Amino acid sequence: MELDYKQIGRRIARRRKFLGLKQAEVEERADIGFKYLSVIERGFSIPSTEVIMRLAVALETTPDEFLVGSTRRENERWRDVADSLRALNNRQLALVSSFIEWVGQQEIP
C-alpha cells in the first residue's frame, strides 16, 4: 500500500478546520516547527510517524484518520475497553479476543 501524502495533508487540514484551529495553534499543540504544518497539509513534506502521532493527539483523533481516512471517533468507548485490556494476562486476552469475534458475528439491531 502506497501512501498518498497530498491526501494525508488534506485529511489533516480538514480535521484542523473542523475543530476551528489555526495552523499555528496546531503546531504549538503538536510541538512542531513554525510553518511545518502548512507544507504537510499541502503534501510538500512527508511527516514522520512521530509527527503524525503528535498531530493526531493535537487534533484529538487517531492517526488512522490521516493515513487511511477512517476513525472511530463516532464511538470512543473503544478507548475505555482498550485501557481495560492492558491489565489482562495472555489467557484472559485470548478469552476476550474470542468473545469479541463472537460478538462481531452477531446481528444486533
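The values are calculated or read from the model by the stated rules, or taken from the named source; none is laboratory data. In this text the structure is predicted, and so the values were computed from the model without any measurement. Here Cβ is always computed from backbone atoms with ideal geometry, including for glycine, and neighbour counts include all displayed protein chains. Ligands, DNA and RNA are excluded from the accessible area calculation, which covers all protein heavy atoms including side chains. Shrake-Rupley method; radii C 1.70, N 1.55, O 1.52, S 1.80 Å.
For the stretch 51-65, check the following and say yes or no: at least one residue is part of a loop (DSSP other than H, G, I, E, B) and hydroxyl-bearing (Ser, Thr, Tyr). For the stretch 51-65, residues part of a loop (DSSP other than H, G, I, E, B) and hydroxyl-bearing (Ser, Thr, Tyr): present. For GLU27, indicate whether it is free of Cβ contacts under 8 Å to residues at least 24 places away in the same chain and in a helix (DSSP H, G or I). Against the criterion (free of Cβ contacts under 8 Å to residues at least 24 places away in the same chain and in a helix (DSSP H, G or I)), GLU27 qualifies.
Name the single residue that is most open to solvent (accessible area, probe 1.4 Å) among those in the stretch 54-86 being at pLDDT 85 or above and among the hydrophobic types (A, V, I, L, M, F, W, C).
Initially, the stretch 54-86 is screened for residues at pLDDT 85 or above, giving 54-67.
Now narrow it down to the ones that are among the hydrophobic types (A, V, I, L, M, F, W, C): 55-59, 66-67.
Numbers: LEU55: 0, ALA56: 2, VAL57: 116, ALA58: 6, LEU59: 0, PHE66: 0, LEU67: 61 Å².
Filtering first and then ranking leaves VAL57.
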